[in-house]
Amino acid sequence: MIELDNVAYSYGGAELLSDVSLKLAPGSFHFLTGPSGAGKTTFLKLCYGALVPTAGQARIFDQDVREMTRDDIAISRRRIGVVHQDCQFLDHVSMAENVAMPLKVAGRDVAAEQQNLDDLLSWCGLSSRANALPPQLSGGERQRAALARAVILSPDVILADEPTGNVDWEMSQRLIQLLVELNRMGKTVMIASHDLGLIRATKQHVQARVLRISNRRLQLAGADL
Amino acid sequence: MPAALTAWLTGDASADRVVPPSGFTAQLTLFAAGVMTFLTVFALALSLATGRLAERWGDDLARASTVRISAPADQMRTQTAAALRVLETTEGVESAQALSAEDQQALLAPWFGPDVPVDALPVPQLIEVTESDGGFDAAGLRLRLSAEAPGAVLDDHTRWRRPLVAAASRLRTLGLLSILLIGGAMAAMITLAANAALAANSQVIGVLRLVGAKDRYIARAFVRRFTLRALIGSVVGMICGAIAILFLPDQGEVGLLTGLGFRGIEWLWLPLLPLAAAAVAYGATRRAASRVLAALR
């Protein structure tokens, strides 16, 4: 689904990532870990085409990122749900409308999908907050709303960047639980997190592979986790 | 109106909602479009009026000249006859006719009043000359007249006609240039306003891009908004301009400013102005949006 082949990325100066190769198989569950500033977010951006590798080749759904037009990338994002660390919303429309935004921009009939939307919101525990504006939501509610928005189009891949960064332990457990359930439905999931405790706890519920970025390389972490 | 345009104008209201409402800049865009159209109405009126003037002067005056004969009373008749002979044999003169004493008196009546005995005054004899389409060689004619009838003076009107016609045509050109400049200035203002709106909504654009919106979808919300604002502002400006032109004080039939305004079918230019303003806004916002979006991946 997403393939990186000897990919390197540098922001102008020295390389942040080099020789990164990875093949995300359908239905797999990956954690991505590493110290702050190691390039976890950059790596995820390479995976959803927000950045073009400075060397090597990145392929999203069998398309070379360099050859994708802006519209190709927009369409690929309808198959890749992204949850950012600092989830951003349209602050002037309600949370429910924000969650439905991918449907709207894809030209789907939002009214026809109302039942799905309601189900999704209740599954994320957000039903009572549907009409709240995003700035009125708590950190955990924002994270869950971002997750709901990422999965409303039933994407093949979900990339989450520190989805539990701003929430307490209990809430982070709930969020991970949601992602594990999505994985059980066959979605490919990749979560960037520096919280090793969370990763350990999650590995008890799901067959997860842990990738670590260190010294600009991507490595498969051993059994110590 | 094509169905696609109607659909675009009435629009998908929900798509518009993705861009937050902006009170103040919206009013500035409306205001700018209104003022610009108001000015354009006058520039257009000026162009049309001077165009008419240049055409009329060119037509009327180019075809008529006068020969004036000032001579002692006893030579008047012979010089007039000599001048008429010269004129009749001049190429480019269609007809030449000496004015009768009654005609001359009628011409002078507005200045002297009807009761002054014009016959008793040494009034010069006038000969009305009508040119053919090709016109005549004024310098050559003057030479021949001075040889045959020393008291004859050719007044071919060109001396004062040419600069006036040139000025009128130049005014028309300036008017048209002003319209272009006003259009350009409006495009610049709307580009600035659109850039400001796009910059202020960079988070909105980023979010839309993240959830899979194509450029066209993102740009449309902005483009539609600015186009409609320019259209509405421009309609108001056009109406104000039209009212101002309608209520210009009537200057009667004489004077350079006569006819500053629209005649008959010329009024149909006015409804085109808001459409042009909307087209300018559409183009300016589209360019601004595609430039901003291209910088984002």
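The values are calculated or read from the model by the stated rules, or taken from the named source; none is laboratory data. Being a predicted model, the structure only gives us computed values, none of them experimental. Neighbour counts are summed over all protein chains in view; Cβ atoms, including those assigned to glycine, are modelled from backbone coordinates with ideal geometry.
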It is to be established whether one or more residues within the range A:157-174 are under 22 Å from residue A:88 (Cβ atoms), in a helix (DSSP H, G or I) and of a type in the set (A, V, I, L, M, F, W, C). yes
Kindly indicate which of A:189, A:210 is touching a His at 6+ places or on another chain (Cβ under 9 Å) and either among the basic types (Lys, Arg) or farther than 20 Å from residue A:82 by Cβ (or both). A:210
What number goes with the only condition from (1) over 21 Å from residue B:162 (Cβ atoms); (2) out of contact with any Lys or Arg (no Cβ under 9 Å at 6 or more places or on another chain) that residue B:142 does not pass? (1)
Which listed residue, of B:291, B:209, is more than 26 Å from the chain's Cα centre (by Cα), surrounded by 14 or more Cβ atoms within 10 Å (Cβ to Cβ) and among the charged types (D, E, K, R): B:209
Quick one: count up the residues across the range A:6-18 that are in contact (Cβ under 8 Å) with a residue 40 or more places away in the chain and either surrounded by 15 or more Cβ atoms within 10 Å (Cβ to Cβ) or of a type in the set (Phe, Trp, Tyr) (or both). 7
Please give the number of the condition residue A:95 fails out of (1) more than 18 Å from the chain's Cα centre (by Cα); (2) touching a residue at least 60 places away in the same chain (Cβ under 8 Å); (3) under 30 Å from residue A:128 (Cβ atoms). (2)
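A quick yes/no check of all residues on (1) surrounded by fewer than 15 Cβ atoms within 10 Å (Cβ to Cβ); (2) not hydrophobic (A, V, I, L, M, F, W, C):
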position	(1), (2)
B:73	yes, no
B:82	no, no
B:86	no, no
B:90	no, yes
B:115	yes, yes
B:136	no, no
Note: among A:117, A:137, A:121, A:126, just one is within 28 Å of residue B:216 (Cα to Cα) and among the hydrophobic types (A, V, I, L, M, F, W, C), namely A:117
On the basis of being over 30 Å from residue A:66 (Cβ atoms), at pLDDT below 90 and loosely packed, with under 14 Cβ neighbours inside 10 Å, does residue B:255 make the cut? yes
Which residue, of B:31, B:24, is farther than 30 Å from residue A:111 by Cβ, aromatic (Phe, Trp, Tyr) and at pLDDT 85 or above? B:31
Here are some residues: A:150, A:106, A:145. Which one is buried (at least 22 other Cβ atoms within 10 Å of the Cβ), in contact (Cβ under 8 Å) with a residue 24 or more places away in the chain and within 11 Å of chain B (Cβ to nearest Cβ)? A:150
Pair list, Cβ < 9 Å and 6+ apart or interchain, from the range A:29-40 residues that are polar (S, T, N, Q) to residues that are in a loop (DSSP other than H, G, I, E, B): A:33/A:193; A:33/A:194; A:33/A:195; A:33/A:221; A:33/A:225; A:36/A:194
Counted residues, the range A:43-61 - those being more than 13 Å from chain B (Cβ to nearest Cβ), surrounded by fewer than 20 Cβ atoms within 10 Å (Cβ to Cβ) and closer than 22 Å to residue B:295 by Cβ: 1
Just checking, which of B:239, B:245 is in the same structural domain as residue B:29 (by TED's automatic domain parsing) and more than 30 Å from residue B:57 (Cβ to Cβ)? B:239
Mind checking which residues of the range A:77-103 are at the interface with another protein chain (Cβ under 8 Å from one of its Cβ atoms) and under 19 Å from residue B:216 (Cα atoms)? A:77, A:78, A:90, A:101, A:102
May I ask you to verify whether residue B:198 is under 15 Å from residue B:20 (Cα atoms) and within 14 Å of another protein chain (Cβ to nearest Cβ)? no
Tell me which of these residue B:95 doesn't satisfy, since it passes every other one: (1) assigned to a helix (DSSP H, G or I); (2) without any contact (Cβ under 8 Å) to a residue 60 or more places away in the chain. (1)
Within the range B:198-216, is even one residue under 30 Å from residue A:103 (Cβ atoms), in contact with a strand residue (DSSP E or B) (Cβ under 9 Å, 6 or more places away or on another chain) and assigned to a helix (DSSP H, G or I)? yes
Of the criteria (1) crowded, with 20+ Cβ neighbours inside 10 Å; (2) over 29 Å from residue A:42 (Cβ atoms); (3) hydrophobic (A, V, I, L, M, F, W, C), which one residue A:89 fails: (2)
Anything in the range A:172-217 that is among the acidic types (Asp, Glu) and buried (at least 17 other Cβ atoms within 10 Å of the Cβ)? List them, or say none. A:195
When residues of the range B:265-296 are limited to those that are touching a residue at least 60 places away in the same chain (Cβ under 8 Å) and not in a helix (DSSP H, G or I), the one nearest to the other protein chains (Cβ to nearest Cβ): B:296
